[in-house]
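Here is the structure we will look at.
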Amino acid sequence: MNTFQESLARALQLVAGGDAALFAIVTRSLAVSGLACLLACVFGLVLGGWLAVSRFPARAAVVTVLNTFLAVPSVVVGLVVYLLLSRSGPFGFLGWLFSFKAMVLAQVLLVLPVCVALTRQVVEDAERANGEQLQSLGAGVGLRSLLLAFDERYALLTVLLACFGRAISEVGAVMIVGGNIEGFTRVMTTAIALETSKGDLPLALALGLILLAVVLGLNAAIALVTRWRGAHAEGVVLAGAS
């Protein structure tokens with residue numbers, strides 16, 4: 001397999017034929033990223049919503065630090081998790097290093113700042129528009145955060161999709177803490193890197209095509225939700241005018 005055409009043809013055969021090794025890697029990738037995204041967003045939505053409506057002296061500093069974490073390279077997160085879970089680390093007794101759990105933890109730490117930051121921005125924009133009215137009705141911080149988040153549920157759905165995209169396309173952290181062990185911790189991104197270095201281009205290309213399809217599907221879903229949100233808002237305005 002020395003040409004792109006041959007590698008692509010073989011890759012398409014692997015996908016169409018339902019290659020067991022290929023789809024085991026895909027399934028594991030979706031499981032790791034899906035669970036990490038779920039855990040990160042459960043906490044991220046709550047923290048982001050609370051941060052959007054809360055006012056305290058160090059708030060600006062917290063937001064600045066949060067935005068800084070958005071740019072932290074995934075390999076740095078992987079290194080930190082590795083040191084925490086290594087045998088000599090503070091959580092080495094858990095025995096999580098080079099396991100599914102370690103990969104989920106690393107991706108949670110990667111996705112959480114994204115979820116918190118985007119949620120804060122969405123809810124804070126809604127707070128500027130409707131916060132005073134809710135406050136005048138006696139709504140406290142928690143209730144305002146909940147009501148504003150519900151009102152912006154379509155925007156927050158795009159946040160969840162963006163977080164999953166961040167998780168599924170990440171490679172550095174999961175390779176460091178997972179070890180890229182065949183049959184246990186090998187996911188799409190790490191397998192692509194390994195198979196390319198080995199020269200197994202058909203398998204790497206097949207995984208790349210599936211990963212590209214997943215990312216494309218996520219972007220299409222975000223566009224669909226955004227359009228749906230716009231149509232819903234327009235419908236509400238028209239209903240109010242009539």
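Looking only at residues in the range 81-93 that are among the hydroxyl-bearing types (Ser, Thr, Tyr) and surrounded by 13 or more Cβ atoms within 10 Å (Cβ to Cβ), the one that is nearest to the chain's Cα centre (by Cα) is 82. When residue 55 is tested against (1) of a type in the set (D, E, K, R); (2) under 30 Å from residue 127 (Cα atoms); (3) at pLDDT 90 or above, exactly one condition is not met: (3). Picking from residues in the range 79-127 that are in contact with a Cys (Cβ under 6 Å, 6 or more places away or on another chain) and among the β-branched types (Val, Ile, Thr), the one that is nearest to residue 154 (Cα to Cα) is 114. Among the residues making up the range 174-223, those that are closer than 21 Å to residue 111 by Cα and in a loop (DSSP other than H, G, I, E, B) are 179, 180, 185, 186, 187. When residue 96 is tested against (1) assigned to a helix (DSSP H, G or I); (2) surrounded by 18 or more Cβ atoms within 10 Å (Cβ to Cβ), only condition (1) is not met.
Would you say residue 134 is part of a loop (DSSP other than H, G, I, E, B) and not aromatic (Phe, Trp, Tyr)? Taking the combined requirement at face value, the residue does not satisfy it. Quick check: anything in the range 156-168 touching a Phe, Trp or Tyr at 6+ places or on another chain (Cβ under 8 Å), in a helix (DSSP H, G or I) and not aliphatic (A, V, I, L, M)? Checked the range 156-168: no residue is touching a Phe, Trp or Tyr at 6+ places or on another chain (Cβ under 8 Å), in a helix (DSSP H, G or I) and not aliphatic (A, V, I, L, M). For the range 218-234, taking the residues that are hydrophobic (A, V, I, L, M, F, W, C) and at pLDDT 75 or above, the one that is nearest to residue 158 (Cα to Cα) is identified as 222. Annotation: residue 51 fulfils all but one of (1) surrounded by 14 or more Cβ atoms within 10 Å (Cβ to Cβ); (2) aliphatic (A, V, I, L, M); (3) under 21 Å from residue 167 (Cβ atoms); the unmet one is (3).
For the range 67-119, the set of residues classified as hydroxyl-bearing (Ser, Thr, Tyr) and either more than 19 Å from residue 46 (Cβ to Cβ) or modelled with pLDDT of 95 or more (or both) consists of 68, 74, 82, 86, 88, 99, listed by residue number.
Looking across the range 13-50, the residues that are among the β-branched types (Val, Ile, Thr) and over 20 Å from residue 182 (Cα atoms) come down to 42, 46. Pick from 146, 118: which is surrounded by fewer than 18 Cβ atoms within 10 Å (Cβ to Cβ) and in contact (Cβ under 8 Å) with a residue 40 or more places away in the chain? When all the criteria are applied, what remains is 146. When the test is whether a residue is within 17 Å of the chain's Cα centre (by Cα), among the small types (Gly, Ala, Ser) and buried (at least 18 other Cβ atoms within 10 Å of the Cβ), residue 78 passes it. Checking 7, 29, 33 one by one, the residue that is in contact with a Ser or Thr (Cβ under 8 Å, 6 or more places away or on another chain) and hydroxyl-bearing (Ser, Thr, Tyr) is 29 and no other.
The values are calculated or read from the model by the stated rules, or taken from the named source; none is laboratory data. Computed from a predicted model, the values in this text were never measured in an experiment. All Cβ positions, even for glycine, are placed from backbone atoms using ideal geometry, and neighbour counts span all protein chains on display.
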